[in-house]
Structure formats: C-alpha cells, structure tokens
Amino acid sequence: MPLKMNHRHVRSSRQAGLLHKELEELARRFGPGQLSFDPVRFPRAYAEPRDREVAALVSALLAYGNVKAMGDYLGRLLARLGPSPAAALAKGSPKLRPEPYRFQTGNDVEAFLGAVGRVLRDHGSLEAAFSTKEGTAEDRIEALANLLREAAGTASPGLLHLLPLPSRGSACKRWWMFLRWVSRPDDGVDLGLWTCVSPSELRMPIDTHVARIAYALGLTARRSADRAFAVELTDSLRAFCPEDPTRYDFALAHLGISRACRGKRVQAVCEACSLRAHCTIGK
Ligand code: SF4
C-alpha cells in the first residue's frame, strides 16, 4: 500500500521501507561520536539528574548562532554556576553578572537564570512545573515559557527571544530540542530524564540543516521552517516510527553541522551519503 508522506510525494511501501533503512543507517553514523559539536554535551557533563535538567534548559534555550561561539559561551556561563547549577539557582545565587550573548544582554541572561531559580523553589523541578499544566506537550511548553517570563520580571526583547511562545507560530526549535533531550531515553545523546512526556508526543526541532534535508527527501512540501513545517515533517516521520518520531533529528542535524552534507550535490561527498537515492538536492 502506498504511504502518503506529504503533499509532494506519495511513496510506495518499498520506497518508504528503503528511506526508513537509510535513515536508520544515518542514525548509526551520526550519534554519540558527534557530541563534542552539540550543546547536549553540557547537561551530559553533570552526574545528577536535577543538574542535567537545569543545564539542559539553559543550554537548549541559548543554543543558537555560531556553534563554536555558542559552545564557548555556554561553557563559561555554566562554569559560573559551579558544580551544581540546580542548587546554585534554587538558592538564589548572588548576582552572577553573566556576559551578553548575541540577542541577550547580561541582564536578560541574569533575569532568565533568576526565573529558573524561582521556578525550582516553587515547584521543586522543571518537570514538576511542566506537569502542572494539562494538555499537549505544546500547551505545556507555552505554560512553562509564560511561567518563566513572569518569574523573570522583565519583558525585554532579549528575554522574550530566549523564551519563545509556540502560539506565535514559530517552530520553537530550542524548546522542542530541550524536550527531546529530556524526554527521549538515554541513548548516549538524549538524557532520558522526564517521564511526563512520551517520545511519541515530541515534535521535530527544525534548524536550517534539518529543514533543507527534510524538504529534499520529500518529507515535507513546505519551504518556510515554521510551526506548520515542523508539524508536517513530524507527521511524515511518524510513518516510520510512531512511538519516536524525533529519532532521526540528531543525525539529520549533524549531517549538516559536520558538513558531511554541503547542501548541494558534490559527487565525492554524496557518494558516502545513505540518503542519496531519495535526496533531490541538485536533481
Ligand atoms: S545526497 Fe548529498 S546533498 Fe543529499 S543529503 Fe546526502 S550529502 Fe546532502
């Protein structure tokens, strides 16, 4: 029976089966070996789940821009929080005076960290705060973002950029990446910390690499990497893995981050790519 992957492609079961196999091969190629290029390495550096949770939120929400500059910034910021970021924030650290980062001033980052500490004091953990809201994972992201916005006590542009709301229509890549990290089982990349969200409820975090390759594979017909794009791509991937539709996110992102995919047909490069049979880039 043909599988409707999106509005552009209707695949035969055989074609879908082949693409599934190719995605599995990609996931074997890009996994924990890429950690040193991914911000999830920061939460993974802590032993305690509560520190991993807090470091994951801070790292995911600041994970934008140049990979090296972002990594350097996160390394310095987390070092200021000492060996236990959860304990440091929960007790209300004295002024940390963080450095600015791109769209965030130092005051924005300080307000954000203060808000995380307030939520930890009020709820005990980020998962407990997330769980106070009923509804879809997206509803609960919206609620946590609003809780942190209120706790921050400022509506500066940098603070609002750090805590986007899904209701505004953006793909909210950083929120969904955080949720992937904490909710997927520990596979050497993701952390397997939360039980309040099933991996089946996750949505693909969309970055430029994932968006380009997903479109080239016919997994979405959309061009604008917004919320609708993320929903359509996730629905396509559910056809392969209904219980875990974000299973291939890390591999697809790192195919681009590592420059193993140049975003254009380069014969010597594409020959080594397991997706070459289905990829329409340069065709
Ligand atoms: S076949 Fe080439 S262009 Fe297509 S995803 Fe693979 S490396 Fe990128």
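Among the candidates 55, 111, which residue alone is closer than 22 Å to residue 173 by Cα, at pLDDT 95 or above, small (Gly, Ala, Ser) and in contact with a Gly (Cβ under 7 Å, 6 or more places away or on another chain)? Outline the logic, then answer.
Working: 55 fails: in contact with a Gly (Cβ under 7 Å, 6 or more places away or on another chain).
That would be 111, the only listed residue that is closer than 22 Å to residue 173 by Cα, at pLDDT 95 or above, small (Gly, Ala, Ser) and in contact with a Gly (Cβ under 7 Å, 6 or more places away or on another chain).
Is it true that residue 190 is modelled with pLDDT of 95 or more, away from the ligand (no atom under 12 Å from the Cβ) and of a type in the set (Asp, Glu)? If you could, list the steps in order and put the result at the bottom.
Details: modelled with pLDDT of 95 or more: yes; away from the ligand (no atom under 12 Å from the Cβ): yes; of a type in the set (Asp, Glu): yes.
In short, yes.
Which one is nearest to the ligand (Cβ to nearest atom), of the residues in segment 263-276 that are part of a loop (DSSP other than H, G, I, E, B) and aliphatic (A, V, I, L, M)?
Applying the filter and picking the extreme gives 275.
Tell me, yes or no, whether segment 157-175 has at least one residue that is farther than 29 Å from residue 36 by Cα, in the same structural domain as residue 68 (by TED's automatic domain parsing), open to solvent by 30 Å² or more (accessible area, probe 1.4 Å) and in contact with a Pro (Cβ under 8 Å, 6 or more places away or on another chain).
Scanning segment 157-175 turns up no residue that is farther than 29 Å from residue 36 by Cα, in the same structural domain as residue 68 (by TED's automatic domain parsing), open to solvent by 30 Å² or more (accessible area, probe 1.4 Å) and in contact with a Pro (Cβ under 8 Å, 6 or more places away or on another chain).
Confirm whether residue 244 is in contact with a helix residue (DSSP H, G or I) (Cβ under 8 Å, 6 or more places away or on another chain) and within 23 Å of residue 172 (Cβ to Cβ).
On the way: in contact with a helix residue (DSSP H, G or I) (Cβ under 8 Å, 6 or more places away or on another chain): yes; within 23 Å of residue 172 (Cβ to Cβ): yes.
It is true that residue 244 is in contact with a helix residue (DSSP H, G or I) (Cβ under 8 Å, 6 or more places away or on another chain) and within 23 Å of residue 172 (Cβ to Cβ).
Test residue 59 against the stated conditions and say whether it is open to solvent by less than 10 Å² (accessible area, probe 1.4 Å), part of a helix (DSSP H, G or I), within 27 Å of residue 256 (Cα to Cα) and not acidic (Asp, Glu). Please lay out each step first, then the result.
Details: open to solvent by less than 10 Å² (accessible area, probe 1.4 Å): yes; part of a helix (DSSP H, G or I): yes; within 27 Å of residue 256 (Cα to Cα): yes; not acidic (Asp, Glu): yes.
Taking the combined requirement at face value, the residue satisfies it.
The values are calculated or read from the model by the stated rules, or taken from the named source; none is laboratory data. Treat the numbers as computed from the prediction; the structure is a model and nothing was measured. Note: ideal-geometry Cβ built from the backbone for every residue, glycine included; neighbour counts use all protein chains shown. Each accessible area value is taken on the protein alone, full model and side chains, heavy atoms only, with ligands, DNA and RNA left out. Shrake-Rupley method; radii C 1.70, N 1.55, O 1.52, S 1.80 Å.
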